[in-house]
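Enquirer: Structure below; questions to follow.
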Amino acid sequence: MNRRAFIAMLALLAAATTGCGRREPPPPADTAQRDQELRMFQEGVRTVQERYVDADRVQLDNLISNSIKGMVAEIDPHATLLFNAPPATGGAIIPDDVPLVELIDTDDRRFTLVKVYGFQPQTRKQVRNLESAARARKPAGILIDARGAAGLDYQAAADVAAWLLPRNTTVGAIVHKQGEAPKAVTTRRGAVWPSVPVLVLVDRETAGPAEWLAAALQFHHRAQLAGEPSRGRTVLQTPVPISDQWTVLLTTGRALNPDGRDITGSPLTPDIPLSPDPDNKENVDWLFLRGMEALKALVGGDIAHQP
């Protein structure tokens, strides 16, 4: 990597970090000072390459990529450095015909499972297309499972919430830049199931739009959460290409609770804590099975429900 390409790469990353969720000092206005710092960094790289005992660990590409990782991690603990990722998405491209949300009949036909596999722009369209089928159902209880759902489209999560909340209900707010007023996100349509008991499954990996959705439904007393404490990370991330091979998935915003609280760093506490049976050695989704049991108890009135 030549000096010009290296400087350009650092400049791109520095420009990208100005949109993340914490206030950073402005870049140096003095070009001479910037060039001096870059020369110091280059000298450090050269010294490590020449003096470090293990030559195979100080190849230039490793030093540069590890330096970028360290810099990004210091600024943004949620960032990810991706190698050879599609620049436009920072991840895999999902075809339009892949189901991202489904209505699934459970063994007990009284209950409906809303399974969300991904929060993508396509999810919004699929939610709207499923609305008629959802209205045709008259379930006694609903289980929402978005564990492991891929993607960072928070509006898709709001569209799922709209099936359960009245029109113009605040789902939460989005902050794209520190210092700017949060932008409220509200439901746009009337509820499909305005009063059916709802249970949302959460676990230690539940984050992003899935966690934001669960937080909104819990805040409005529209659903109870069952499972384990969530991850506590509702950030918006944007892929920022920094070279032909590297892309940084950088935090460029935050999603807030309906009351304006930042969920990141504050995992959700389930209303109904669930844990696996210590004697069960089978490879089963214990959280789903116990969640169904909890939903049946909820509908039966054994667990207090706030409509």
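The values are calculated or read from the model by the stated rules, or taken from the named source; none is laboratory data. Here the structure is a predicted model, which is why all the values come from computation and not from measurement. Every residue, glycine as well, gets a Cβ built from its backbone with ideal geometry; the counts of neighbours run over all protein chains shown.
Enquirer: Can you name every residue in the stretch 248-264 that is modelled with pLDDT of 90 or more and of a type in the set (S, T, N, Q)?
Expert: The answer is ASN257, THR264.
Enquirer: So which residues in the stretch 285-302 are without any contact (Cβ under 8 Å) to a residue 24 or more places away in the chain and either surrounded by 15 or more Cβ atoms within 10 Å (Cβ to Cβ) or closer than 19 Å to THR206 by Cβ (or both), if there are any at all?
Expert: ASP285, TRP286, LEU289
Enquirer: Still on this structure: State yes or no: is GLY232 within 30 Å of MET71 (Cα to Cα) and part of a loop (DSSP other than H, G, I, E, B)?
Expert: Answer is yes for this residue.
Enquirer: Looking at the stretch 106-126, which of the residues that are more than 19 Å from VAL200 (Cβ to Cβ) and over 27 Å from the mean Cα position of the chain (by Cα) is surrounded by the most Cβ atoms within 10 Å (Cβ to Cβ)?
Expert: ARG109
Enquirer: Among the listed residues GLN49, GLN33, which satisfies the condition of being surrounded by 13 or more Cβ atoms within 10 Å (Cβ to Cβ), over 27 Å from the mean Cα position of the chain (by Cα), polar (S, T, N, Q) and modelled with pLDDT of 70 or more?
Expert: It is GLN49.
Enquirer: Residues ARG233, ARG189, ARG254: which one is out of contact with any Phe, Trp or Tyr (no Cβ under 6 Å at 6 or more places or on another chain) and surrounded by fewer than 19 Cβ atoms within 10 Å (Cβ to Cβ)?
Expert: Result of the check over ARG233, ARG189, ARG254: ARG189.
Enquirer: Taking only the stretch 127-141 into account, find how many residues are surrounded by 20 or more Cβ atoms within 10 Å (Cβ to Cβ) and either among the β-branched types (Val, Ile, Thr) or in a helix (DSSP H, G or I) (or both).
Expert: Total satisfying the criteria: 1.
Enquirer: Which residue pairs have Cβ atoms under 6 Å apart, sit 6 or more places apart or on different chains, and have a first residue in the stretch 233-258 that is charged (D, E, K, R) and a second that is assigned to a loop (DSSP other than H, G, I, E, B) and at pLDDT 90 or above?
Expert: Between residues of the stretch 233-258 that are charged (D, E, K, R) and residues that are assigned to a loop (DSSP other than H, G, I, E, B) and at pLDDT 90 or above, the close pairs are ARG233/ALA207; ARG233/THR264.
Enquirer: Can you tell me which residue is surrounded by the most Cβ atoms within 10 Å (Cβ to Cβ) among those in the stretch 217-230 that are in contact with a Lys or Arg (Cβ under 8 Å, 6 or more places away or on another chain) and free of Cβ contacts under 8 Å to residues at least 60 places away in the same chain?
Expert: SER230
Enquirer: Within the stretch 62-72, is even one residue modelled with pLDDT of 75 or more and part of a helix (DSSP H, G or I)?
Expert: Checked against the condition, which is being modelled with pLDDT of 75 or more and part of a helix (DSSP H, G or I), the stretch 62-72 yields no hits at all.
Enquirer: Looking at the stretch 107-132, which of its residues are over 16 Å from ALA146 (Cα atoms), touching a strand residue (DSSP E or B) at 6+ places or on another chain (Cβ under 8 Å) and in contact (Cβ under 8 Å) with a residue 60 or more places away in the chain?
Expert: Hits for the stretch 107-132 are ARG110, PHE111.
Enquirer: Select from the stretch 79-117 the residues that are modelled with pLDDT under 95, under 29 Å from ARG290 (Cβ atoms) and not in a loop (DSSP other than H, G, I, E, B) and list them in ascending order.
Expert: ASP105
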